[in-house]
Amino acid sequence: MHESLRLSKLSRLPLRLRVLAERAVREPYTLEPLVNRLAANPHRALLLPVFYVNLAVDDMPAPPDEDVVESQQFRARVARALLAVQALNDIALDVPPGAVDDLWPRYWAWVQFLDVYNRHWRIPPVEHPAGLSSDWLVLIQHLAEICHKMKKTTISDTPGLRTMLTQLWTHFVRAPSGVKRASALYVISRIFTLLFKCKVDAQIVLAELSEGVGGNLALARLCVQHLRSSFPDGNQPASEPRLIEAIFLIDLIPAVNPFIQRELHEQGIVTALTTTCLSISQMENTIGDEDHGESMLLNGFLFALSRSLAVRNAEVYLAEAVRAGLMRLAVVSKFRGAHAAAHYLVDLVGFILPPFTIYPAVLSAADAALADVSKAYAHTPLDPDARLAFEKLDSIVSFRRRALLVYRTNAHPAMAQQACSNPRCQVIAERHQLKRCSLCRAQFYCSKLCQKADWRSNGHRQTCSRLAKPSPSNALGRPRDRAFVSALLLKDYLAQRDKIAQEILRAFRMNPHAQLYVSWSYNYEEWLSTLDFTPHATAVVEDTTDTAFHGFYDTSPALRAAYEGGTVVLHVFNPRFPSHAPSAMDPPQFPFPARSNQYLLLLRSPSGALMRGLRQLGAQPALDWTMCEEQIQELLKEDGIQAFSCGSFFSALLEPRVV
């Protein structure tokens, strides 16, 4: 037992106070006269043994039932324990660090007992449904502070503590605004923050939190509700008290995010975190300590936001964040100094968002956000890196916005065309004239006969079930996204047909029997480093030999025959989504893991004249290169209209072969 808890300490008290203290450790005397003298009493630290003795667990009553609680003896014992609990909170700051290991087990045992007792028979001081009174949190906070400084896990390893805290948190988040609510949430936030600094298994934490609030969905709803109540308006600076009340969410949300990710997104965590960051960014930097500085808090909530964005279907939540004011956050932040948050915001605009503008949802949201930001903050000074990032993003969005408008209105005939997925079929028609496969909804056919023929030839039979299953690695799982990307690539292909045809001819000169494919990618690094650029995809003609696509044309006789006839050419697209922001720390403080797969589509030509003609030219022993350009132009005219089978968009199905 620690020295401060020994009854011998009572001998140092003044006479009258010592008499009261000695009576208080014996029945039938009550603790009330002693508790009433605690306020501003210079000797109150010496009374700690009295309250410690009254929390003895050897005479703790059995779990209460209706018969037991009616007895006078039971009620007297509970009253003594209740007064001891309240008194310890009154003198919490006088508890020495060495007494934690002895005092905490008794205190927690009685808190749990009183919690059960209060659920059935109301304890007068507790005026809300949660069994743990907010008045009892003072001692818990003080002991948690001691354990944190001494690097002890006495408090954090306590089973059920987080459950009770969550019950209290739930009550006060939903309570009307007032001094009681604010003070309780402040203490709860501080205790949670201290508990999260101790390394405890995240699944154990989640289980206790979920038990306290009523399930994972309720926990997600509570997190979002707390953020919305603390930061209701992104256009207004956050208040310092509300900010401090929500500090622990910086640690809580990333901790539980991997386990209740779906529930958090359903409740709107992305919008809530974006609004939170926007509100914090407009505060004056008045909180000075390292735990509560605004820039640190902005870093923390941005980290939670980045974790919420770096998920499957990231484009959906990126679009949501942009609509909630992410662009505005990068402009109006008063903490754009040399710290991680500033770098992340600039990189988010200039490095992470551009690759995701191949999605119509992100493109539309970014277009509207850029227009709003340019009007509202036309005269806001930006540092050179931020201004350049916005200019580059605006250029990319403007280019693709025009392409999206043309695509949606069918203003450009070529972008509205799509080829039948049956390799033996030469039909190219407008998108709405073709029918999807009802199972995978990825392949398109001009008729049921073509669909049956492709299935019987073992073409679509091999891929249908795999295409039908949602895959975390498939970043183009939605038909509308695949269709728009194929239209973008077709637009780029038509602009580069001459150059690509010349590269194909050079490849056939080296090997007339080569199985070729065209690799597409967007060079975002070049965009960021060049002042004058055009956001087109870059095409490279390659041989399938020694690649993951070796033998692709041999997967079905129909596909092989179509390639030999020049009516089918494989095109491979790599979205090149970023894995992290380049200027962040190493390892990055704000990682952005995203799927990076190659997607296959087939360029279809009804006549096949271009590929057959290029193969024949390449086989000529003496080729006059001065005449090649004219011959290529003639072949392009003869080849006629071309289109992608956008239904063939899928994550590469062929495993890389070691040759």
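Within the stretch 144-161, how many residues turn out to be crowded, with 21+ Cβ neighbours inside 10 Å and closer than 13 Å to residue 112 by Cβ? Quick ask: steps written out before the conclusion?
Residues of the stretch 144-161 that are crowded, with 21+ Cβ neighbours inside 10 Å, as a first pass: 144, 147, 155, 161.
Now restrict to residues that are closer than 13 Å to residue 112 by Cβ: 161.
Adding up the residues that qualify gives 1.
Free of Cβ contacts under 8 Å to residues at least 60 places away in the same chain and outside any helix (DSSP H, G or I): which single residue out of 421, 438 fits that description? Spell out the reasoning first.
Values: 421 fails: free of Cβ contacts under 8 Å to residues at least 60 places away in the same chain.
Checking each option against the conditions leaves just 438.
Condition check ((1) at pLDDT below 90; (2) part of a helix (DSSP H, G or I); (3) among the small types (Gly, Ala, Ser)) across all residues:
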{"residue": "474", "(1), (2), (3)": "yes, no, no"}
{"residue": "484", "(1), (2), (3)": "yes, yes, no"}
{"residue": "505", "(1), (2), (3)": "no, yes, no"}
{"residue": "518", "(1), (2), (3)": "no, no, no"}
{"residue": "533", "(1), (2), (3)": "yes, no, no"}
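For the stretch 620-632, which residues satisfy the criterion of being exposed (fewer than 13 other Cβ atoms within 10 Å of the Cβ) and either in contact with a helix residue (DSSP H, G or I) (Cβ under 8 Å, 6 or more places away or on another chain) or assigned to a helix (DSSP H, G or I) (or both)?
625, 626, 627, 629, 630
Check the stretch 47-55 and report whether any residue there is outside any loop (DSSP other than H, G, I, E, B), surrounded by 11 or more Cβ atoms within 10 Å (Cβ to Cβ) and aromatic (Phe, Trp, Tyr). Steps first, answer last, please.
Start the filter on the stretch 47-55 by keeping residues that are outside any loop (DSSP other than H, G, I, E, B), which leaves 47-53.
The next check asks that each one be surrounded by 11 or more Cβ atoms within 10 Å (Cβ to Cβ); those that pass are 47-53.
Imposing the further condition that a residue be aromatic (Phe, Trp, Tyr) reduces the set to 51-52.
Among the residues of the stretch 47-55, at least one is outside any loop (DSSP other than H, G, I, E, B), surrounded by 11 or more Cβ atoms within 10 Å (Cβ to Cβ) and aromatic (Phe, Trp, Tyr), which makes the answer yes.
Regarding residue 61, is this residue of a type outside the set (Asp, Glu), in the same structural domain as residue 109 (by TED's automatic domain parsing), touching a Lys or Arg at 6+ places or on another chain (Cβ under 7 Å) and at pLDDT below 90?
Details: of a type outside the set (Asp, Glu): yes; in the same structural domain as residue 109 (by TED's automatic domain parsing): yes; touching a Lys or Arg at 6+ places or on another chain (Cβ under 7 Å): yes; at pLDDT below 90: yes.
Yes, satisfied.
So, in the stretch 421-450, of the ones that are touching a Ser or Thr at 6+ places or on another chain (Cβ under 7 Å) and not polar (S, T, N, Q), which residue ends up farthest from residue 365 (Cα to Cα)?
We begin by selecting, within the stretch 421-450, every residue touching a Ser or Thr at 6+ places or on another chain (Cβ under 7 Å); these are 421, 426, 443-445.
With the extra rule that they be not polar (S, T, N, Q), the set shrinks to 444-445.
Details: 444: 29, 445: 32 Å.
The extreme case among them is 445.
With respect to residue 179, is the statement that it is among the hydrophobic types (A, V, I, L, M, F, W, C), within 23 Å of residue 276 (Cα to Cα) and surrounded by fewer than 19 Cβ atoms within 10 Å (Cβ to Cβ) true?
Details: among the hydrophobic types (A, V, I, L, M, F, W, C): yes; within 23 Å of residue 276 (Cα to Cα): yes; surrounded by fewer than 19 Cβ atoms within 10 Å (Cβ to Cβ): yes.
The answer is yes for residue 179.
Taking the condition of a type outside the set (Lys, Arg), in the same structural domain as residue 422 (by TED's automatic domain parsing) and modelled with pLDDT under 85, does residue 607 pass? Break it down into steps so the answer makes sense when it comes.
Details: of a type outside the set (Lys, Arg): yes; in the same structural domain as residue 422 (by TED's automatic domain parsing): yes; modelled with pLDDT under 85: no.
For residue 607, the condition - of a type outside the set (Lys, Arg), in the same structural domain as residue 422 (by TED's automatic domain parsing) and modelled with pLDDT under 85 - is not met.
Can residue 561 be described as surrounded by fewer than 17 Cβ atoms within 10 Å (Cβ to Cβ) and either at pLDDT 85 or above or touching a Cys at 6+ places or on another chain (Cβ under 8 Å) (or both)?
Answer is yes for this residue.
May I ask you to say which residue of 62, 92 is under 27 Å from residue 154 (Cα atoms) and surrounded by 15 or more Cβ atoms within 10 Å (Cβ to Cβ)?
Details: 62 fails: surrounded by 15 or more Cβ atoms within 10 Å (Cβ to Cβ).
It is 92.
The values are calculated or read from the model by the stated rules, or taken from the named source; none is laboratory data. On a predicted model such as this, the values are computed, not experimentally measured, just so you know. Glycine gets a Cβ as well: all are built from the backbone with ideal geometry, and neighbour counts include every protein chain shown.
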